[in-house]
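The values are calculated or read from the model by the stated rules, or taken from the named source; none is laboratory data. The shown structure was predicted, so the numbers you read here are calculated from the model rather than taken from an experiment. Neighbour counts are summed over all protein chains in view; Cβ atoms, including those assigned to glycine, are modelled from backbone coordinates with ideal geometry. The area values use the complete protein model at the heavy-atom level, side chains included, leaving out ligands, DNA and RNA. Shrake-Rupley method; radii C 1.70, N 1.55, O 1.52, S 1.80 Å.
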Amino acid sequence: MSRVGKLPVAVPNGVTVTVQDGLVTVKGSKGTLSQALRPEVKVEVNGNEVVVTRYNDEKASRSYHGLYRQLIANMIKGVSEGYSKVLLINGVGYRAEVKGSILTLNLGYSTPIEYMIPEGISIAADGPAKLTSSGISKERVGQVAAEIRSLRGPEPYKGKGIKYETETIRRKVGKSGGKK
């Protein structure tokens, strides 16, 4: 039995979970999320908890069991609390600015990069060197943060670029003068 999959998901007050026609819908104070279900798993709402079960012990069923339990747990947390990722910008002249739904990044290229902020995600520029991406979908918040980071990933010599707040960059030693 899946260690993750067999755990019930607690539903906090103010959050409703409905299962209809192979679709799980979670509504909360921050919004609504829905997820289509695979035929290998079954989701039941028992009072204040959601239980995910599988129909058989095939490999695909076992793998989807824990996955869908965690997806539903993430949806419940998202509509009640929300998710956020913090990005740090390091480098001389590197900065970010938010105007409406456009994020403008100056990352050492000849022209500034304009990134369209997707619907359902909010990005706040906490100063010129710190960005906070937030929303109710863990997947979309992480995807937007990864796309912004990929515009100028951190380099190992001086640490210039965009990195996650919790990320540590393994620094390398530069060239040494040496004898000729």
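Here are some notes:
- Flagged links, alpha-carbon separation over 32 Å, of K99/K172; K59/K160; K6/K138; K30/K158: K99/K172; K59/K160; K30/K158
- Whole-percent carbon and sulfur share, accessible surface of the chain, 1.4 Å: 49 percent
- Rel. contact order, % - alpha carbon contacts under 8 angstrom, at least six apart, the chain: 18 percent
- Accessible surface area normalised per residue over the chain is 62 Å², counting heavy atoms of protein chains with a 1.4 Å rolling probe.
- With the convex hull of its Cα atoms as the shape, the chain has an orientation-averaged projected area of 15.5 nm².
- Kirkwood's formula applied to the C-alpha pairs of the range 56-96 gives a hydrodynamic radius of 13.6 angstrom.
- Value of Rg to Rh for the range 55-152 (Rh from inverse mean 1/r over Cα pairs, i.e. Kirkwood): 1.14
- Note on E147 and L23: the model spin-label points, each 7 Å out from Cα along the C-beta direction, lie 2.4 nm apart.
- Highest average packing first - 72-85, 41-54, 127-140, 156-169, Cβ atoms within 10 Å: 72-85, 127-140, 41-54, 156-169
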